[in-house]
Amino acid sequence: MKSRLLKLLSVFIAVIMFLPVQATVAAAESTPTDAPHILGDVNGDAKVNLTDAKLILKHIVKLNLLTGDMLKAADNNNDNKINLTDAKRVLKIIVHLSPDAPDPEPEPVQQKVNLLTPYSDHGLGKKDMCEVTADFAETVPSSTDNDKNDPNYSPEIKGSFDYIERKISKGGNYDQDYYVLSSGTKVATKNVKKFSGFVMPKNKVSAYDATTANSVTDLTITVDWKVPFISRVGGQNFYTGYENRPFNVSSFTGAYIDFIFYYTSSASGSFEIKNSSVIKSTQWMTNSNNGTSTLRVFFKTSGKYYGYKAYYSEYNRLVLSFNEKPTLSNAVVMLDAGHGGNDPGAIGTNGTYESSVNLKITNYVKANLQNRGVTVKMTRTDNSTKSLDERQSLTRKSGSDIFVAIHSNSSTSSSPSGTEAYYYYGFSKPLAQKVHDRLVTAWKSVYSGNSSMLNKVNPSDGGVRFKPFQVIRIEDCPAVLIECGYLSNSTECGKLCTDSVQQKLANAIADGIVDYYKAQ
Ligand SMILES: [Zn+2]
C-alpha cells in the first residue's frame, strides 16, 4: 500500500512536469460548480479521485491556478497552503487510507560499497594469496591429511580471497592438488587463482538488512573485503555409520547455522527478522583468539531448515539467501539421471547400461510429479555426457527446492540387492528417508512371494546413509542420491530393466518426494 501511494505520487509529479506550459486543462476538471465543495473534491463532482489530485498538483507547479471554492477544497488540511501534503491526502483517500495516515517511509536507496582488495597496497606487506575463480571452491579442513569432504565445511564463493600457506600435490591421500590456506581450510588449486597479494587489514562485518520475499529470506551483510567464510549447522549429533563415516545423523535436529568469517575483528548491527517461516533470530559473536566473527542464525523450529545460497550483490554486499519452507503448490524439483553419454555407469548382468535405466526411471518420476502440478527440471533429458561439476552448477542455478539423483547400484559380488538413499548435509536426511521408505515398500510388492529377495530389500543398517557423493555436496537445498537397486544381481537387474517395475519405482520416488513436502 505504501509503495503504491509513493508510485502514484511520483507518477503524477512526473506527468505534471512534462505537460507543456500552455496545456489547457480539460473542462471537466476545472469547471467550477455551484455545489458546496467537500474537502479534497476540488472540481466539486462529489467524488474524490485522481482528477482532484491532478488539479492540486497542477496548482502547485503553477500550471493551472485554482481559485474560489476549488482553492478551498484543494486546501484539504485547512492550513491555508496548497502543497504536496494536500495532494498526498487526496491520494491516501483514493487508496482508502485515512488522509491523516502517516506518510510512507521512502525505500532506502542502497549505496554501492567500495571494497578493499589485495591488489592494492595497505602498508602491511605482501603474501601469496588466492582468489576464488570458480563459482564455488569446496573447502576441506586443513587439519586432516586427506581430501575427505566434511559437512562442517562449505564452499568459498567466487571472488573470495585467502592467504596461501603451502601447496599439496595430488598423490597419496589426495585426489587433486590443493592450497592449504591460512584460514584453516584447503581448496583445490583448479578453483582459485594464485597471486602475490598485499596483506589485508582486519575485516569488519555489519548487518545491513533482512527481507523476506519470493520464498527466500535474505540477510544482507556489509563487508570491507571478500573474506573467506564457511557455514556449519549447530545443534546436530552425528554417529559413525556406513563405511565408518562419522557424519551420519539419526534425525536432523539442527537448531542454528553459523557463518564463520575469517580475518574479521568486529561485527555489528542487528537484523530485524519479520516474516520468515524458517529463521527466528540472529546473533553476532567475535572470537579474538582466532580472529573470526560468527553470525549465528537460529531456526524457528529445530530440524526445519532448507538450505541457503551466498553471493555478492550488485552493491558489493554479501547476501545469505535462505530458502523459506517449501510448499507442494510451488514445488520445483531437480531430477538428476545418473551417468549418461561417455559414462554408462554400471553394466547390468544382461548388458544394460545403468545410464539408460536411470534415465527411464527419472522420466517416469518427472511425468508423475508433473501430473501433480510440480515443476520438474532435469540435469539431462537424453543420453548426453554431463560432468558432476555441471550437474551441481545446474542445480545451484535452477532455484530448485530439492535435488534427487537417481542411480542403480553395482557390486563386485552378484549377491547384494535392495535400495539405499544417501545424503551429505544432515538437513537432506528427511528427504532421503521419505524416498527410501516408499522405495522399500515398492520393492516389497515387486518381490512379493520371493522371501530371499524380500529379505534384502532394505539393508540391515536401514539404508539411509551419509556419503560424500559430489552431486549432493550442495548447501542450496536438500539433496539426495538414490540407489534404486542392484544391476549386478541378475534377478534384480531383470526387474530394473522391466518397464512396469521402472514405473513402480518411479511412482515410489515421486510419492516419497510428495511425502517430504507434506511433512514440512
Ligand atoms: Zn551410478
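Read-outs: derived from the displayed coordinates by stated rules, not from any lab. Remember, predicted model here, so these are calculated numbers, not experimental data. Cβ coordinates were reconstructed from backbone atoms using ideal geometry, including for glycine residues, and neighbour counts include every protein chain displayed.
Some notes on this structure:
- The calculated Kirkwood hydrodynamic radius for the range 406-510 is 13.8 Å, given to one decimal from all distinct C-alpha pairs.
- Modelled FRET efficiency - R0 25 Å, Leu50 with Asn77, Cβ distances, 0.05 increments: 0.85
- Legend: residue pairs Lys167/Lys202; Lys167/Lys304; Lys127/Lys204; Lys112/Lys186; Lys148/Lys304; Lys300/Lys386, Cα-Cα distance threshold 29 Å; pairs beyond threshold, Lys167/Lys304; Lys112/Lys186; Lys300/Lys386.
- A convex hull fitted around the alpha carbon atoms of the range 328-519 yields 107 Å³ per residue.
- Note: relative contact order over the chain, using C-alpha pairs below 8 Å and six or more positions apart, is 10 percent.
- In the range 237-323, the trypsin sites (Lys or Arg not before Pro) that fall in loop regions by DSSP, at most 12 other Cβ within 10 Å: Lys274
- Ratio of the Cα radius of gyration of the chain to 2.2 N^0.38 Å, where N counts its residues: 1.30
- Taking every alpha-carbon pair in the range 335-404 and binning the separations at 10 Å intervals from zero gives 20, 49, 26, 5 percent.
- Net charge of the neighbourhood of Leu115, taken over other residues with C-beta under 13 Å away and scored Lys/Arg +1, Asp/Glu -1, is +1.
- At 1.306 mPa s and 10 °C, Stokes diffusion of the range 185-342 via Kirkwood alpha-carbon radius, µm² per second: 89 µm²/s
- Cα-only Debye scattering, the range 126-198: base-10 log of I(q)/I(0) at q = 0.19, 0.26, 0.27 Å⁻¹: -0.68, -1.26, -1.34
- Here the scattering of the range 141-264 is modelled by Debye summation over its C-alpha atoms, one equal scatterer each and no solvent; at q = 0.09, 0.11 Å⁻¹ the log10 of I(q)/I(0) is -0.34, -0.51.
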